[in-house]
Structure formats: structure tokens, C-alpha cells
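Read through the structure below, which is laid out as C-alpha cells, and then see the notes.
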2 protein chains.
Amino acid sequence: MTGVPLATAAGRALVDEAMRAAIERLDPWTRRVTAYHLGWVDADGRPVTGGGGKALRPALALLSARAAGAAPETALPGAVAVELVHAFSLLHDDIMDGDRTRRHRPAAWTVFGPSAAILGGDALMTIAIELLLDEDGPAAQRAARVLTEATRRLIAGQARDLDFESRDDVSLDECLAMVADKTGALLACSCAIGATLADAPPALVDALDRFGAELGMAFQLVDDLLGIWGSPDTTGKPVLSDLRARKKSLPVVAALAAGTAESRRLAELYARPAPRPEDELRETARLIEAAGGRAWAEAQAAHRLEQAETRLGRARMDDGVRAELRDIARFVTARDH
Amino acid sequence: MTGVPLATAAGRALVDEAMRAAIERLDPWTRRVTAYHLGWVDADGRPVTGGGGKALRPALALLSARAAGAAPETALPGAVAVELVHAFSLLHDDIMDGDRTRRHRPAAWTVFGPSAAILGGDALMTIAIELLLDEDGPAAQRAARVLTEATRRLIAGQARDLDFESRDDVSLDECLAMVADKTGALLACSCAIGATLADAPPALVDALDRFGAELGMAFQLVDDLLGIWGSPDTTGKPVLSDLRARKKSLPVVAALAAGTAESRRLAELYARPAPRPEDELRETARLIEAAGGRAWAEAQAAHRLEQAETRLGRARMDDGVRAELRDIARFVTARDH
């Protein structure tokens, strides 16, 4: 997957350099795992090109500083920190979810073992906060505080998501609250952290935070849709993997809660033990769509994006920066990127 | 195991209350695991009494503030933070090491599963730093910075320790460096964080840090000795568990490096695959002793304690506080506590 195209190449280079400097702080053992996980090296430590994720969160963080009228460099420790927390969460989540593939490659824990992946995640989380604390002054301290709170919510969201797997009575409200924690909190933090570091007025920080929270919901809804109906080329994961793992993602919970005949049939399929044959997974996807889960998620994603844009429209900032934030929001919630 | 007896009951109650308030910040899922891990509740969430660890690190942190002439309360966020980081590391280490018992109870990961234990550890680490960031001002920011650096070293030490398990050429210097990171860094931080929060002169912070680093080495040497020759009543772990796991602990590495006939026989035993019968483990312990590993570790522990006391003797602080720090150091490095 390529980077967010609307973020400048200069911004991306800035973040990339600072990310590499951050990873240099690590001991050789956790550095090896994390450099692989970040897509920089192969399993033997040889550099590879074209790896890495979308760098969505750093792009938002740099724009967040610009929204406050500051240079993007002001946000740099924050941009790197949010990306490191994101990387930490993926590294640990893959172990917990048993996901063997990440961005078209074997997940780090399958290459280096779960222990190395646990420690690698721990290390990423630690240096994320350390980076912010290296900056002096109350703004950096506030930014570190915002990041730890977002991290705590992210962890809570993942814990709740795992809890859902063993429950058959998950409500849509519970599922939305889980996503607000698991995905929304760190995206909201990414959108606000640059402005926080730039010492922006609380009203602007708050508006950016809310924009990010809504964007996070839209983003997760689209991700959930791709997890069921996306092609492996796009997702970097095996086809139907979310259904194979019996994830209670938003379209699934919406379909289960719809009270239709298909909802009941879907609940039966979800209650069956593993292994799940391919045709059963395809039938599951069909039932989610027939029960209205797909249409609901698509409408909800559009609604959340609209809400995000409304928040953005009301905030005081340069119109060029506003347009860049809006374009990123539209890009990452488009179905075919 | 009972608490550090020389820490005042008032201090212990202060920390206990603040620890419980900190855990209240967590979502119900990670709170459940962490409250069990901390010895407050049983597997079903029912309160239990008499649980918990020695609370060595919080006791040192409170004394650290008093060494700087401040009230122990000044150190409270730091005292709780170091204990939370310690708890985080044990929670994750038990998963990685496959240790099924902790403080005479089933380890948390065996009760709640590895995923819940991974998340519980992540959550503990996050709130540890959050607690310090809740305090305003540059001293709190410095304390948070010191804690993240100690945490990073602790993780590096554990990574190196795991790496040792698959290597048969670990030198004593490497092993000492590993222990300085894995155990020394957080103990040094515990001894310095109260003075840091009290805005003490750098010379005092530095002296306390070095005292803690030496104490950490002595403490780990004694712990390693107990891991081989200690009784399960004392350690809370099965007998000979460190040898069963083929840990390259300090007495083992010293014995392997001694170049005796017993060293070579020991290396052969260490190279054998699992499972390890009981009599082989007893033979391993005998060889470590015969190769001089036990005597070296005992002498080294005494030397490190002496070094710690020397550091303490040179620092400018109230003599009563100095005596309390010295007594704690002697107590936790005594063989029979």
C-alpha cells in the first residue's frame, strides 16, 4: 500500500528520518524485530524498499501543527510518537489475534516468535513517549499526556474487542464504543498532537481531536468492510480473514442486531466452532449483506466522514490546511485505495 | 512474602491506596487481569488479603524523596509508577519465560490467557507514565523521562536474557550488562525518582541512582542464587525452575566461564534438549557449585552491596534516611528473607 498521496514528500521524508533515529535508540534485539515490523528490513535484517504503512497518522500530526499556524517540524516528535504507538498496537494485536500476515508479509511474531514481538511492542511504546519527553516545556508534557491517554484507550478497545469474540450478545452501541477506543482515540490524538505541541488554543485542539475521532470511526467502518469484502491485494491479509477469526466487527454486529431471519442464521454460523470451511465464510459474508450489515456500515461511514468534515469546517485554520485535512479524510475512507 | 519490614506501615498504606486508584483508571478487562496479578483478587475477582509483592521499589522511592529533605508524599506518583512498571515487566516476562507460577499462585497468563496478560501489561506501563504526567512542572517531566529510559533498559535486558537462552557462548560481562539493564535500571530509577520529583540537586539524584544500580546487581545475584538453591516456600516458584528453563543466570554463566571440568560437563547438560528429569537438574546445580558459580555469586553479591553502601555513605542526606536505605539494601540481599 502506498502512502497517503496528499501528504508532501518532504513531510514523509522528515518523518521517515525521525522514525529511523527513534528506532536507533533500541537495543539490537528489539530493533531487529521492530525494523522488520515497520517494513524496513527483511527477516535477515537486509534493507528492503517500498515497505511500511500508509503513514496516515504522521501526516495528520504534521498538518495539525500547520493548522495551528506552526511549521510542520513542530509536530515531528508527535508525528513519530503516534506512528510508533500505532506500530506497537499492530505488533501486539497480531499475536493476540493470531494474524499470520501483515502488509503482504509474514507477521513479525511468526518470524521472530511471540516473545520477541511482545518485547518489540513494549519497546516501541516506551520510545514513543520518550521522544515527546525529550522536548522541554509544558506543551510537550501535555502532548505526552494526550498520547498516554490515547494509548490507554487503544488498549481498552483491543481488550473489549477480544472480549467480544467469546460473547454472542454484543450490542451495536458497545461495538461503536469499542471502535471509538481502539481506532478513534489514536486518530484523534494524531489530529490534535501537532496543535498541542504548537501550543494552539484549546478550541482548535478540541476541534481537531473531534475531527480525528469521527474520521477514526469512518476509517474503521471502511476497514471492517474491506475485512469482509476487500480483496487481499488491498488489505494485505488473506481473503475473509476477519470472518475466519469470527471478529465481531461493526458490519457483523449491525447484521446480528438487525433481527432478520438472516441475522439468526448468521448467529448460528458464528456459534459454530473452528475450523471454518471457505464456503461457510462466503455464506457468512452473504448473510451479513442480506441482513443489512453492509449497507448500514457504508451509510455510517459516509455519515461519520460528513461529521468529520463539519467539525473541520467550524475550526479556525488556514483554508489550504483545512482542504488538505479534508482530502486525506476522503482518501483514507474511499473504498478502493 | 511479606513487605519490606523497614518501610513504614504508613508509607505502605499510602502507596497501596494510590496503586488502587491508579488501577481504577483501567477498563474492566485489563483491570481484572492486573488486579489478579497484583495479588488483590482471585481468578473470579473476589478480594483476597495478604497478596502482593514486597513493594521494595515504592519503599525506595519514598525514601528517595526523604533523602532530598522532602515529604515522602512528594514521591508518591513515582513510587506507584515504578511498582506498575515492575508489575508490567513480570506480567509479560511470565508469558515469555513460560513461568506458570508467580508468588505461590498460577501466573496471570495461565488464568486469563496470554492475550489478556499482554494487554494487562501494556495497560500497566501506560498508566505508570500517565501518573507522572498528571503532575505539573519540569520535575515531573524529568521523572517521567527517567522512568521511560529505565523501562527501555529493562526491556532491552529481558530481550538479551531471552537471546542468551539460545546461545552457548555468553560471557560473564555480557551477563552482567544484561542484569544491569533488566534489574539494575528500574531499581536505580526507584532510588532516584523521589529525589527527582523533589527537585533535588543532580549530585544527590546521581548518588541515589548509583546506589540503586549496585543494589540491583546484588539483588539479582541473590535472586539467581535463590532460583537454584532457594526453597519454593521462599521463591514462590517450583524448585530448580531456573535450571529447568535453562536460564543463563549469573551463577550459571560464572560456572560455565570458569574453565573447569565441571564447567564442561555443565555445558553438556545445558545443551541437552527438554524435558529435564529432576536428577539431571540436581546434578546441574551440583556442577554449578563445584565450578565455583555459587561462591562467585555470593562474593559478588556481597561486593555489590558494599559498593551500594559506599555510594550511600558519600551522598549528602539525613543520617536517619541513610540508615533506612542501608537497612533495606541489607534486608533484600539477605539470603533467607
Within the stretch B:180-202, the count of residues that are surrounded by fewer than 23 Cβ atoms within 10 Å (Cβ to Cβ), more than 12 Å from chain A (Cβ to nearest Cβ) and under 20 Å from the mean Cα position of the chain (by Cα) comes to 1
Cβ contacts < 6 Å: first residue touching a residue at least 24 places away in the same chain (Cβ under 8 Å), restricted to the stretch B:54-70; second residue among the charged types (D, E, K, R), any location; separation 6+ or different chain. Result?
B:ARG57/B:GLU83; B:PRO58/B:GLU83; B:LEU63/B:GLU324
Since B:LEU154 meets every condition but one in (1) aliphatic (A, V, I, L, M); (2) under 24 Å from B:ALA245 (Cα atoms); (3) at the interface with chain A (Cβ under 7 Å from one of its Cβ atoms), which condition does it not meet?
(3)
Which one is surrounded by the most Cβ atoms within 10 Å (Cβ to Cβ), of the residues in the stretch B:129-151 that are more than 8 Å from chain A (Cβ to nearest Cβ) and in contact with a Ser or Thr (Cβ under 8 Å, 6 or more places away or on another chain)?
B:ALA143
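Rundown of residues vs (1) within 11 Å of A:MET217 (Cβ to Cβ); (2) among the aliphatic types (A, V, I, L, M), yes/no style:
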{"site": "A:ALA150", "(1), (2)": "no, yes"}
{"site": "A:PHE164", "(1), (2)": "no, no"}
{"site": "A:ALA177", "(1), (2)": "yes, yes"}
{"site": "A:THR183", "(1), (2)": "yes, no"}
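Each row is one residue, and each column tells you yes or no for (1) out of contact with any Ser or Thr (no Cβ under 9 Å at 6 or more places or on another chain); (2) surrounded by fewer than 24 Cβ atoms within 10 Å (Cβ to Cβ).
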{"position": "B:GLU17", "(1), (2)": "yes, yes"}
{"position": "B:ILE23", "(1), (2)": "no, yes"}
{"position": "B:GLY39", "(1), (2)": "yes, yes"}
{"position": "B:ARG46", "(1), (2)": "yes, yes"}
{"position": "B:LYS54", "(1), (2)": "no, yes"}
{"position": "B:GLY78", "(1), (2)": "no, no"}
{"position": "B:ILE95", "(1), (2)": "no, yes"}
{"position": "B:ARG103", "(1), (2)": "yes, yes"}
{"position": "B:ALA108", "(1), (2)": "no, no"}
Considering (1) more than 10 Å from every other protein chain (Cβ to nearest Cβ); (2) more than 25 Å from B:THR235 (Cα to Cα); (3) of a type outside the set (Asp, Glu), say which one B:ALA87 fails and leave the rest.
(2)
Counted residues, the stretch B:164-175 - those being farther than 16 Å from B:GLY98 by Cβ and touching a helix residue (DSSP H, G or I) at 6+ places or on another chain (Cβ under 8 Å):
6
Among the residues of the stretch B:229-240, how many are within 17 Å of the chain's Cα centre (by Cα) and either assigned to a helix (DSSP H, G or I) or within 24 Å of B:ASP163 (Cα to Cα) (or both)?
3
Taking the conditions exactly as written (among the aromatic types (Phe, Trp, Tyr) and over 23 Å from A:ALA18 (Cβ atoms)), does A:PHE112 satisfy them or not?
yes
Check B:LEU221 against each of (1) without any contact (Cβ under 8 Å) to a residue 24 or more places away in the chain; (2) in a helix (DSSP H, G or I) and name the one condition it does not meet.
(1)
Please tell me if B:LEU256 is over 29 Å from B:ARG326 (Cβ atoms), of a type outside the set (Phe, Trp, Tyr) and crowded, with 22+ Cβ neighbours inside 10 Å.
yes
Which of the residues spanning the stretch A:265-282 are of a type outside the set (Lys, Arg) and touching a helix residue (DSSP H, G or I) at 6+ places or on another chain (Cβ under 7 Å)?
A:LEU266, A:ALA267, A:LEU269, A:GLU280, A:LEU281
In the set A:LEU162, A:LEU154, the lone residue that is hydrophobic (A, V, I, L, M, F, W, C) and at pLDDT 95 or above is A:LEU154
Does at least one position in the stretch B:166-177 carry a residue that is of a type in the set (Lys, Arg) and within 7 Å of another protein chain (Cβ to nearest Cβ)?
no
Contacts under 8 angstrom Cβ, first residue in the stretch A:167-191 being without any contact (Cβ under 8 Å) to a residue 24 or more places away in the chain, partner among the acidic types (Asp, Glu), 6 or more apart:
A:MET178/A:ASP161
I'd like the residue in the stretch B:112-128 that is over 23 Å from B:LEU186 (Cα atoms) and crowded, with 17+ Cβ neighbours inside 10 Å and, out of all such residues, is nearest to the other protein chains (Cβ to nearest Cβ).
B:SER115
Restricting to the stretch B:297-308, name every residue that is free of Cβ contacts under 8 Å to residues at least 40 places away in the same chain and either under 15 Å from B:ALA207 (Cα atoms) or touching a Gly at 6+ places or on another chain (Cβ under 9 Å) (or both).
B:GLU306
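Each row is one residue, and each column tells you yes or no for (1) outside any helix (DSSP H, G or I); (2) of a type outside the set (S, T, N, Q).
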| site | (1), (2) |
| --- | --- |
| B:GLY212 | no, yes |
| B:ARG246 | yes, yes |
| B:ALA302 | no, yes |
| B:THR310 | no, no |
| B:ALA323 | no, yes |
For B:ARG335, work out the one condition from (1) farther than 23 Å from B:VAL252 by Cα; (2) modelled with pLDDT under 95 it doesn't fulfil.
(1)
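The values are calculated or read from the model by the stated rules, or taken from the named source; none is laboratory data. Computed from a predicted model, the values in this text were never measured in an experiment. Every residue, glycine as well, gets a Cβ built from its backbone with ideal geometry; the counts of neighbours run over all protein chains shown.
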